[in-house]
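Here's the structure, in C-alpha cells; my notes come after.
Derivation of every value follows stated rules applied to the coordinates shown; laboratory data play no part. No experiment lies behind these values; they were computed from the predicted model shown. No Cβ is skipped: glycine too gets one built from the backbone with ideal geometry, and neighbour counts run over all protein chains shown.
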Amino acid sequence: MKKLVIEGGKPLHGTVKISGAKNAALPLMAATLLAPGVHILNNVPDLRDTRTILRLLESLGLTWEREGSTLRIDGTGLKYSEASYELVKTMRASVLVLGPLLARLGRAKVSLPGGCAIGARPINFHLMGFEQLGVQCDLEGGYVDAISPGRLQGNNVYFDIPSVTGTENILMAATLAEGTTIIKNAAKEPEIGNLIDMLCSMGANIEGKGSDRLEIQGVEKLTAAESRIIPDRIEAGTYAIAVAATGGDAIIQNCDPSHLPSLVDKLRLAGVEVEVGEDFLHILAEEKKTQIKAVDVTTLPYPGYPTDLQAQFMALMTGSNGVSVIHETIFENRFMHVAELQRMGADIKIDGRIAMVKGRSGLPLTGAQVMATDLRASSSLVIAGLAASGRTDISRIYHLERGYEDIVGKLSGLGATVWKEDE
C-alpha cells in the first residue's frame with residue numbers, strides 16, 4: 001500500500017489542467033447499458049472509480065477499449081442483470097446501473113453499495129422512484145432485487161430532498177418507460193445536465209435541464225452516441241483552494257468556472273484575488289497568505305456551496321485570521337478529517353454538524369503522519385500538507401485515487417515537493 005509524502009511550505013505556481021469529472025463520468029458510463037452499439041465517451045478521467053465501473057460493465061456483458069481519455073463502450077452484449085458485492089462494495093455510484101438494467105432488461109439485482117464512510121446515504125429515494133415506475137423492489141441478503149412485470153410505466157416522482165444519484169437513476173430508467181415521467185425536486189448539479197445531454201443524443205426526450213423539474217417522455221428504444229465528460233468542478237475547486245492556502249499564483253485550466261459560483265464568492269470573501277475566464281480560474285494569493293480572512297460556509301445542494309469542497313475549505317480556514325463556522329447540512333458524518341487536521345495543529349471544535357475553526361494566521365500547520373478517511377477528506381489533508389511546515393505523510397491514499405487523476409504529477413507541475421512511497 002502506498003502513502004503520499006509532502007514537504008510543505010512552498011507556494012504553488014504555474015498552470016494545472018483539470019480532468020473530466022468523476023461524478024459525471026460514472027453515470028454516463030452506466031448509461032451505456034441503455035442501448036446496444038458502441039458509445040464513445042471523451043474526456044474520461046483514469047481513476048480508481050472509473051476502472052471499477054468498467055469492471056462492473058464487463059461483468060454484465062459489455063466490452064470496452066480505452067485510448068487516452070476516450071472510452072469506447074459496446075453495449076450490445078448486455079446479458080447479465082446482477083452486480084455483485086465484490087464489485088459494488090468500494091464505490092457507491094455502482095448503484096447507478098439499477099436504472100439502466102431495469103429499463104433495458106426489466107430486472108436488476110445489485111448489491112447495496114459501499115464507498116466513502118461519510119454518512120448513511122440510503123438509497124430509499126431510488127427504490128421509491130422505481131416503485132412509482134411499476135418496479136417491485138425487495139431487499140434481501142444485502143442486495144436490491146428489482147423486477148418489472150413489463151415495460152416501466154411513466155409516473156410522477158417526488159424527492160423530499162434533492163438526490164443526485166437518485167435523480168440520475170430515475171432519469172435513465174424513465175427514458176425507456178411507457179408514457180411521461182415527471183421528476184419533481186430533482187437535483188440540479190451540472191453532472192446531471194451532462195447526463196441529460198448524453199441521453200438526448202441517444203434519442204431520449206427530456207425537458208427541464210438545469211431545473212428541479214424534469215419531464216421525460218419515454219421512447220421505444222435508444223441508440224449509441226458520442227458524448228464528452230464535463231470538467232471536474234471539484235478537482236478544479238480543490239486546486240484553487242490549494243493555491244490560496246499556500247499563498248501561490250496559478251491558473252486552473254480546462255475548467256468551467258460557471259459550475260463553481262459559490263466557491264469563487266467564498267474565496268473572494270476570504271481576500272483571495274480570483275480572475276474568472278471562460279475556461280480557467282486564475283488564483284492570485286501571493287500577498288494574501290498571512291491575510292486570509294475567516295469566512296463561514298454552509299453546504300447546500302447545487303448551486304449552493306458543495307459538500308465535496310467543505311473539507312478543503314476547512315483546511316484553508318485553519319490559516320485564516322479569525323474564526324469561521326462551517327455547517328455541513330448534506331452528510332451527517334463528514335467531519336472525519338478534523339481529527340487529522342488537529343494532529344497538524346489545527347484549532348477546530350465540533351458541535352454536531354457545525355465546526356468552528358479558529359485560524360492561525362502567520363502560524364502554519366506542522367507536518368505530521370495522518371490518515372485519509374474518505375475521498376474529499378484526503379484532499380483536505382493534501383492542502384494542509386502543502387501549506388504546513390515540514391513533512392506530512394498521508395496514508396490510505398486509495399481514497400484520493402478514487403477522484404483525483406495524476407495528483408502527484410499535477411502538484412509537482414505547480415512546484416510542490418510531493419511523491420508516493422510504500423507504507
Quiz item: If one takes the longest principal axis of the Cα atoms in the chain, at what angle in degrees, from 0 to 90 and to the nearest 10, does the Cα axis of helix 233-245 lie?
Solution: 0 degrees
Practice problem: Among H399, G37, N254, flag the residue with its Cα farthest along the positive direction of the charge dipole of the chain, charges on Cβ as +1 for Lys/Arg and -1 for Asp/Glu. | Solution: H399
Quiz prompt | Three-way shape call for the stretch 22-228 based on the alpha-carbon gyration tensor, with the a/c threshold at 1.5 | solution = rounded
Quiz item: Charges only on Cβ, +1 for Lys and Arg, -1 for Asp and Glu: so what's the dipole of the chain about the Cα centre, in debye to the nearest 20?
Solution: 580 debye
Exercise. Using the number of other C-beta atoms within 10 angstrom as an exposure proxy, rank I161, I348, I292 with the fewest first.
Key: I161, I348, I292
Practice problem: First obtain the Kirkwood hydrodynamic radius of the chain from its Cα pairs, then insert it into the Stokes-Einstein equation at 25 °C and 0.890 mPa s, and state the resulting D in µm² per second as a whole number. | Solution: 112 µm²/s
Quiz item: Whose amide H sits under 5 Å from the amide H of G304, counting only residues 5 or more places off or on another chain, with H placed in the peptide plane?
Solution: none
Practice problem: Report, as a whole number in µm² per second, the diffusion coefficient that Stokes-Einstein gives for the stretch 272-373 at 20 °C and 1.002 mPa s using the Kirkwood radius over alpha carbon pairs. | Solution: 148 µm²/s
Quiz item: Got the relative contact order for the chain handy, in percent, Cα pairs under 8 Å and 6 or more residues apart?
Solution: 21 percent
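Using the Cα centre of the stretch 22-228 as the reference point, and only Cβ charges (+1 on K/R, -1 on D/E), how large is the resulting charge dipole? Debye, rounded to the nearest 20.
220 debye
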Self-check item: Bridge type composition, the stretch 22-228 - antiparallel percent by DSSP, nearest 5
Solution: 75 percent
Quiz prompt | Structure-based [θ]222 nm, the chain - -39500 (n - 2.57) summed over DSSP H runs of at least 4, per residue, nearest 500 | solution = -8500 deg cm²/dmol
Practice problem: Can you find, among A372, L78, L263, the residue farthest towards the positive end of the dipole of the chain? Put +1 on the C-beta of Lys and Arg, -1 on that of Asp and Glu. | Solution: A372
Quiz item: Using 7 Å Cα-to-Cβ label points, what is the N185/R107 separation (nm, one decimal)?
Solution: 3.4 nm
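Among DSSP beta bridges lying fully in the chain, give the percent that are antiparallel, nearest 5. Display every interim value, and only then the final one.
Numbers: 57 of 78 bridges.
Rounded to the nearest five, the antiparallel share is 75 percent.
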Quiz item: Residues with beta-carbon under 11 Å from that of M202, excluding M202: net charge, scoring Lys, Arg +1 and Asp, Glu -1?
Solution: -1
Practice problem: Whole Å is fine, so just give me how far the alpha carbon centre of the stretch 320-374 lies from that of the stretch 33-112. | Solution: 37 Å
Quiz prompt | Phi-based couplings in Hz for the stretch 40-53 (Karplus 6.51, -1.76, 1.60; Gly and Pro marked x) | solution = 10, 10, 9, 6, 8, x, 8, 10, 4, 5, 5, 5, 5, 6
Self-check item: Set K22/K358; K17/K184; K79/K221 screened for pairs whose C-alpha atoms are more than 25 Å apart
Solution: K22/K358; K17/K184
